[in-house]
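**Q** Below you'll find the structure I mean.
Derivation of every value follows stated rules applied to the coordinates shown; laboratory data play no part. Please read these numbers as outputs of a predicted model, since none were measured by experiment. Note that each Cβ is placed from the backbone with ideal geometry, even for glycine, and that neighbours are counted across all protein chains shown.
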Protein chains: 2
Amino acid sequence: MKPMNEIIENAMISSWVRHFLRHPSQVNQLHESDAELLEIPTDPQNYLAVTIDTVADEVANGLYQDPYTIGWVTVMACTSDLAAVGAYPLGMVLSVCVESKRDKAFTDAIARGIADACQRLGIFILGGDINLTPSLSLTGCAFGTVPRKSVMTRCGCQEGEYLFISGEAGIGNALGLVRLKNLPGELFPETLYRPTAHIHHGQIIAPFASCCMDTSDGVLTTLDQLIRLNNKGFIIAGDWDQILSPLVWQLCKKTKTPPWAMLAGPHGEFRLIFTVPTNNVDSLLARFQTTKNKPILLGRVQEKPVITIKSPAGDMKDIDMAPLRNLLDSVNGNLQRYVEEFMECISRWGLGE
Amino acid sequence: MKPMNEIIENAMISSWVRHFLRHPSQVNQLHESDAELLEIPTDPQNYLAVTIDTVADEVANGLYQDPYTIGWVTVMACTSDLAAVGAYPLGMVLSVCVESKRDKAFTDAIARGIADACQRLGIFILGGDINLTPSLSLTGCAFGTVPRKSVMTRCGCQEGEYLFISGEAGIGNALGLVRLKNLPGELFPETLYRPTAHIHHGQIIAPFASCCMDTSDGVLTTLDQLIRLNNKGFIIAGDWDQILSPLVWQLCKKTKTPPWAMLAGPHGEFRLIFTVPTNNVDSLLARFQTTKNKPILLGRVQEKPVITIKSPAGDMKDIDMAPLRNLLDSVNGNLQRYVEEFMECISRWGLGE
């Protein structure tokens, strides 16, 4: 079993949570679910699903330079957590912490990003809190209901099951690559980073999937976390040109970046990664016959708790995500060193160029 | 009618909210309620009440120097909003934004403040989010249910009704006075600032009160906001030594600070201010016969939309809170000028020394 607290972020969460008592009606344990799940006495059919998410370091480290992106992602980040449990959103509340130096054009653009994201999803901001602070952060809290009988958590996958992703991946790390390597913005403009939370997708897959987690931290980080929770592993053997978005593929080719770098980075795209027992696969895919965004096959669940990646040349390589997940701490937040060591690390995987 | 947007903070909120569509099942309009109220189809007896609150500027401006206070207040601030609608809490989620320079002793103290506050109220943290950020902030989101038939909002008071506060006031501004005037900490130690959200109180008063709002921003700011919402005014004619906590009284005497300064400042104490129709007063007070924390009579509702204060000498003076509520903006955040102009402003009220 790979220890959860080998990952510095998980250990940090644990060190906070050990101070707190657990709610007697909470369904999920720590780390086990993208949204917190609560039994409520007045609704025996559903759980209440609640989640909170802050957008801050993406602004501080220069990843988001367009205020519209900040607003957009604040909405998508927390609603995506609802999607990953199969919930039906009820609404959102919002806390805005903004520096007093910011002008109205800037805050208006954040607000438009929020409003457009809500409209895209058909959800509403109910209210919030505004603060003038030394550094910018936006916190969204989204809540909804999820049928008890079909709720998804991060736990439950079994060997041999199919591994899917709810849409093409890589746009988050594509933006990250352009920013961290100081590449020309036109190679992957920030306006292309408009990920949409897969709420409807989550609702469709919920009765069929054995576990689910969103890719807010990138595809391979998501799989690594699922490995630590399930003591199972994953074989990624899907076609790279189906897994990656075409725009991300183009960027990889132009910059000679291996495609798996776009799954390995920590900046995700709010897709759902989920596993489906073999006897559920046909019924599940039938549900997507008339929809545009079909699940993409990533691979299979394996007994060995490790990520195994099939290279374009057909080699199978086991990879370890722990050094990458802890890399920002290892380099003390130095982003220049981060990107250099990141690329070295994945080249050592031996998957090819 | 006093315009809502005369107050800079209200105008700032409005300028954000104009971008957003309103939820068709939301019960309250903007500014009308401490917590957002939502009809949920699965529960025709209750509304879902949700609120979000960030503790940030109290840390940035040096008001809170003990990390335990930060944690404690984060819990109390958002649960107090639930109390003000008469809700029964279901739980809380939490987003922690902390500077990487902070050591474990500091973050442990925040966590203990959170844990102790939760235990005091009998509520639970369900989960959250942790971020390393350039400046510290803690955001709590609390949610609960409130019976539709007894829900309280900030709207509904009528002339002649009684005005109550759920407990003694002033500890928030007492701490503020000590910090802003750089007085010796022993005059009002930060450890005395441990306000408790009046959740049970809110549940008891809900069937009797005509409107309610918590004093998170101080008593007179609360009344000013109620005036703008209800187009009614308030006469404060209660005994000062019943309204103020004895510790706050002591501080006033030692520092020659007029008692109404402890109601006029912007740093509150999470009491509930509420109005009760005359024919409900006896039934309400009967409910408190066996409890320790009884409501304290502050005064009455008057037709004229202004705060009228009875001085210790018996004079009745109308006061205007708008200049005080906008003062931090008027002095561009300069805290030294803030405290000087604040004291000048209230001395012009002519209530005495």
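**Q** Quick check on segment A:208-330: of the DSSP beta bridges with both residues there, what percent are antiparallel, nearest 5%?
**A** On the way: 12 of 15 bridges.
Around 80 percent of the beta bridges assigned by DSSP in segment A:208-330 are antiparallel ones.
**Q** What order, most packed first, do the peptides A:294-304, A:328-338 have when packing is the mean number of other Cβ atoms within 10 Å of each residue? Each step should come with its number before you reach the end.
**A** Working: A:294-304: 18.7, A:328-338: 14.4.
Top to bottom by mean Cβ count within 10 Å: A:294-304, A:328-338.
**Q** Taking a ≥ b ≥ c as the square roots of the Cα gyration tensor eigenvalues, with a/c under 1.5 meaning rounded and otherwise prolate when a/b beats b/c, else oblate, which class fits segment A:217-310?
**A** On the way: a/c = 1.98, a/b = 1.17, b/c = 1.70.
Here segment A:217-310 falls in the oblate category.
**Q** Here are some pairs, A:K181/A:K256; B:K181/B:K256; A:K232/A:K317; B:K254/B:K310; A:K2/A:K232; B:K181/B:K254; which of them have Cα atoms lying more than 19 Å apart in this structure?
**A** Working: A:K181/A:K256 13 Å; B:K181/B:K256 13 Å; A:K232/A:K317 16 Å; B:K254/B:K310 22 Å; A:K2/A:K232 10 Å; B:K181/B:K254 14 Å.
The pairs that break the limit, which is 19 Å between Cα atoms, are B:K254/B:K310.
**Q** What average count of beta carbons from other chains do you get within 10 Å of the Cβ of residues in A:138-144?
**A** 6
**Q** For peptide B:94-102, what's the mean number of Cβ atoms from other chains within 10 Å of each residue's Cβ? Write out the running numbers ahead of the final one.
**A** Working: counts 5, 10, 5, 8, 2, 2, 3, 0, 0.
Taking all residues of B:94-102 together, the mean is 4.
**Q** Just to confirm my numbers, what's the Cα centroid distance between segment B:259-322 and segment B:144-208 in Å?
**A** Result: 11 Å between the Cα centres.
**Q** Once a ≥ b ≥ c are taken as the square roots of the eigenvalues of the Cα gyration tensor of segment B:102-151, is the result rounded (a/c under 1.5), prolate (a/b larger than b/c) or oblate (a/b not larger than b/c)? All intermediate terms of the calculation are to be shown ahead of the outcome.
**A** Values: a/c = 3.51, a/b = 1.98, b/c = 1.77.
In terms of gyration-tensor shape, prolate.
**Q** While we're looking at this one, here's another question. At a threshold of 8 angstrom on Cα-Cα distance, excluding pairs fewer than six apart, so keeping six or more, what relative contact order does chain B reach in percent? Before the final figure, lay out the partial values.
**A** Working: 751 pairs, mean separation 72.8, N = 353.
Computed value for chain B: 21 percent relative contact order.
**Q** At a 10 angstrom cut-off on C-beta neighbours, averaged per residue, how do the peptides B:239-246, A:128-135, A:216-223 rank from highest to lowest?
**A** Values: B:239-246: 16.2, A:128-135: 20.2, A:216-223: 24.6.
Ranked from most to least packed, the peptides come out as A:216-223, A:128-135, B:239-246.
**Q** Here is a follow-up. Taking every residue in B:40-53, how many Cβ atoms of other protein chains lie within 10 Å of its Cβ, on average? Spell out each step's value before the answer.
**A** Working: counts 9, 3, 8, 5, 1, 1, 2, 0, 8, 0, 9, 6, 13, 5.
Across B:40-53, the average partner-chain Cβ count within 10 Å equals 5.
**Q** Just check chain B against the gyration tensor rule for me: Cα atoms, a ≥ b ≥ c as the square roots of the eigenvalues, rounded for a/c under 1.5, and otherwise prolate or oblate depending on whether a/b exceeds b/c. Walk me through the intermediate numbers first.
**A** Details: a/c = 1.40, a/b = 1.03, b/c = 1.35.
Rounded, since a/c falls under 1.5.
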